[in-house]
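Notes follow once the structure below has been shown.
Read-outs throughout are calculated quantities, based only on the coordinates presented, and are distinct from any laboratory measurement. Keep in mind it's a predicted model, so treat the numbers as computed, not measured. In this analysis, Cβ positions are derived from the backbone assuming ideal geometry, glycine residues included, and neighbour counts consider all displayed protein chains.
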Amino acid sequence: MKRKILNTLVFGSVLAGFLTLTACNTMEGLGKDVQSGGEKLENTAEKANK
């Protein structure tokens, strides 16, 4: 019984760590996309002001 609980906790911890690392990579990519979109918007606004 205790071994089953321990195995469940270990599996849950590994899964949580994996999901955290995956989320970090996803958020990094999202940040780059948002930054790129912001730069394009800024360039368009600068061209409109000229």
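Miscellaneous remarks
- Taking the criterion of being among the hydrophobic types (A, V, I, L, M, F, W, C) and either exposed (fewer than 10 other Cβ atoms within 10 Å of the Cβ) or touching a Ser or Thr at 6+ places or on another chain (Cβ under 7 Å) (or both), the residues of region 28-50 that qualify are ALA45, ALA48.
- Of all the residues in region 1-15, those that are surrounded by fewer than 10 Cβ atoms within 10 Å (Cβ to Cβ) and part of a helix (DSSP H, G or I) number 4.
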